[in-house]
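Some notes on the structure that comes next.
The values are calculated or read from the model by the stated rules, or taken from the named source; none is laboratory data. Predicted, not measured: the structure shown is a model, and the values here were computed from it. In this analysis, Cβ positions are derived from the backbone assuming ideal geometry, glycine residues included, and neighbour counts consider all displayed protein chains. Note: accessible area is taken over every heavy atom of the protein model, side chains too, but ligands, DNA and RNA are not part of it. Shrake-Rupley method; radii C 1.70, N 1.55, O 1.52, S 1.80 Å.
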2 protein chains.
Amino acid sequence: MTDANATPRRATMKDVAALAGVGLSTVSRVVAGTAGVRADKVRRVERAIAELNFTRNDFARTLRTGNTATIGVIVTRLSDPFFAQLAHAVQERAQSEGMLVLIASASDDPEQATRVLQSVVSRRLDGLVVVVPEQTDVSYLQQEISGGTPIVLVDRPMAGVVADEVFADNAAGMSLAVDHLVAQGHTRIGCFVHTIGEFTADARRDGFVAAMAAHGLDADAELMPTVIEDAALIAPVLQAMLATDDPPTAIVTTNSPTTKATLRAIRAIDATLALVGFDDLDDADLMERSVTTIAQDPANMGQHAAELLMMRIRGIDAPIRRVVLGTRLVTRS
Amino acid sequence: MTDANATPRRATMKDVAALAGVGLSTVSRVVAGTAGVRADKVRRVERAIAELNFTRNDFARTLRTGNTATIGVIVTRLSDPFFAQLAHAVQERAQSEGMLVLIASASDDPEQATRVLQSVVSRRLDGLVVVVPEQTDVSYLQQEISGGTPIVLVDRPMAGVVADEVFADNAAGMSLAVDHLVAQGHTRIGCFVHTIGEFTADARRDGFVAAMAAHGLDADAELMPTVIEDAALIAPVLQAMLATDDPPTAIVTTNSPTTKATLRAIRAIDATLALVGFDDLDDADLMERSVTTIAQDPANMGQHAAELLMMRIRGIDAPIRRVVLGTRLVTRS
DNA sequence: TTGAAAGCGATACCAG
DNA sequence: CTGGTATCGCTTTCAA
């Protein structure tokens, strides 16, 4: 209240020590909760802390001790609910261990992702959960790992980085989708692949082909276009497919934007088709057309990633682990 | 590569200086990009940096300079898309200024929110964007503000904290909703309020009442129940309303979970009703029943919050500002 | 232009 | 039990 404008310098342990009439080390002990300080001194220190409104400077502490009690989560786009949930789960888990989580959003642009990743890495956090575009330059991550900073890769592997990993079982998921459709009598099934040359897209596409083969069915390349996640572009492709002699009666998609775009395309050209989408859709029950989906569980992925990281941070020296999480068929008719 | 297991100590500026054969300060200057170092020395230092794989320890830097180049964003739940988008927008804006963003998710539980908030505050970041449950204990935030850490409150005010604020114009939004329905000929309009005693809920409810009054219509208390965001609980309430002599022909809701729950309730009891929901719905175009909404723009809110914060961080000493952002009627029939 | 040296605020080892 | 004191790694005068 006195000296209202001049930003009052924050109290340090030295100030507390002076006011309490004890040594600096004693204050440090009290703050750290170390046992072995006489009760009356503890009280005096605590009173001084309250009076001066002291909070310890974590930067100094970190500089001295080297640990940050913080883990970093870098996801491609936080505005994507999948990643938001993933990040949230990591945070919840880490928090229960008293750690803080620095969440950073990297953007789809590999250049920018590299910068964000760099700036997080330079924070020397205790561990990192990483989901970035596959083209991102992550060469220095390996150095971090060998430098002792544990890293967990989620959703997709990164070339040149050997680390613990948490992935969805993409192939099994596609198998679930195909099994479901075949059980309903479909034999001409198409697969809309969201992109090419990326881990999840390729894995799901391959999974589709394998699942079809397992049923003795042919995965016709004509029915497996790589489609941009845009209804206006999907509609003509779909229409052309349906105009052939042997049109598909069902479609499987490889991610949720594609599922939504396909739903819009189907509506636009008023087609009749079964559809199974990879990744669950929120509020699918409210949709005009029911959609069966293959649900991944982002929260579960986040928990596993956090778990793995905590284990490494605690110094457990187990071999590199790859956790592959199952998916679930959510049937809606 | 040599000495593979013993975690190699990270190189420091001192190491770089030694290898490059220059003084410590020179290395610091090169790293900081300060002008006035002879080109050949710059080169030598850079070579040494590359060789030793040096990265500056930000904690030491922060300890010395006092600024973290990091802002904190605390939101109630990151798994809520609204907040995820908000946080993402802050991050994008901050990043373009070279700042990092620490995003923390606080949970709906005020106790836990308090702890998260505390731990973020103890990080002494350059600024904070805060959205926490209204019951959260934020007494110490005011100290932070007077201690020089700028804070921006988003979405809702917090008792006892005088800071810059970014809110949606809740009353005007409700007015948009009512105007729209009245223009369609509705006069008996209900309002499902998601809770009581919270800023947004109260503001929207009051806005509804005022908007009705502006049309000379009565906002019947019977038609303004406080409903839990659950279709099973809303259905009987709605059914009872419709069974009266003078049933509503339209409903306005005060947030998106309520909108969705109401959609489900309407479907469950097969009612015929117009509906306008506060907060836009993703993929509303794919829904069985079209829903007109009042859209807030979380990204815009985030940008404004970041802008305000940057301004304060730069030391602009303007009076406290309250930014009220407009909402938009998204008509779907 | 450059280097030496004094801190930033905590921790932790050592005597007492 | 307690209090000095030497760091942690960097920035920033201050002289040279």
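Things to note:
- Helical runs (DSSP H, four residues minimum) scored at -39500 (n - 2.57) apiece and divided by the length of chain B put the mean residue ellipticity at 222 nm at -13500 deg cm²/dmol.
- The residues neighbouring A:VAL31, those whose beta-carbon lies less than 11 Å from its own, together hold a net charge of +2 under the Lys/Arg +1, Asp/Glu -1 convention.
- For segment B:1-140, alpha-carbon Rg relative to the globular expectation (2.2 N^0.38 Å, N residues): 1.42
- Segment A:87-137 gives an Rg/Rh value of 1.00, both radii derived from C-alpha positions and Rh following Kirkwood.
- Highest-fluctuation residue, A:ARG64, A:ARG314, A:ARG38 considered, GNM on chain A with Cα pairs under 10 Å: A:ARG38
- Stokes-Einstein translational diffusion, the protein assembly as shown - Kirkwood Rh over all Cα pairs, 0.692 mPa s, 37 °C, in µm²/s: 117 µm²/s
- Nearest-ten-degree value, helix A:170-183 long axis tilted from longest Cα axis of chain A: 40 degrees
- At R0 = 35 Å, FRET efficiency that the Cβ-Cβ distance of B:SER96 and A:SER290 yields, to 0.05: 0.25
- Teacher prompt: B:ARG322 distances to equivalent labels in other copies, 7 Å Cα→Cβ, nm: 5.7
- Just checking the listed ones, A:ASP58, A:ASP245, A:ASP137: in the Gaussian network model of chain A with Cα springs under 10 Å, the one fluctuating most is A:ASP245.
- Relative to the longest principal axis of the Cα atoms of chain B, the long axis of helix B:256-269 makes an angle of roughly 40 degrees.
- Averaged over A:77-90, number of beta-carbon atoms from partner chains that fall within 10 Å: 6
- Normalised size of chain A, defined as Cα radius of gyration per 2.2 N^0.38 Å with N residues, equals 1.33.
- Across the identical copies, how the A:ALA183 labels are spaced - nm, sorted shortest first, 7 Å along Cα→Cβ: 4.9
- Accessible surface of B:ILE189 - all protein chains present, 1.4 Å probe, nearest 10 Å²: 0 Å²
- With its label point defined 7 Å out from Cα along the Cα-to-Cβ axis, B:ALA240 lies at 5.9 nm from the matching points of the other copies, in increasing order.
- Taking amide H as placed 1.01 Å from N in the peptide plane, the amide H of A:ILE294 sits under 5 Å from that of A:GLY277, A:PHE278, A:ASP279, A:VAL330, each at least 5 places away or on another chain.
- For segment A:197-226 versus segment A:136-174, the gap between their alpha-carbon centres in whole angstrom: 24 Å
- Each Lys and Arg Cβ is given +1 and each Asp and Glu Cβ -1; about its Cα centre, chain B then shows a dipole of about 2320 debye.
- Cα centroid separation, segment B:39-112 to segment A:29-84 (Å): 18 Å
- Degrees separating the helix B:110-121 axis from the principal Cα axis of chain B, which is the longest one: 30 degrees
- Projected onto their three principal axes, the Cα atoms of segment A:201-333 cover extents of 61, 35, 25 Å, largest first.
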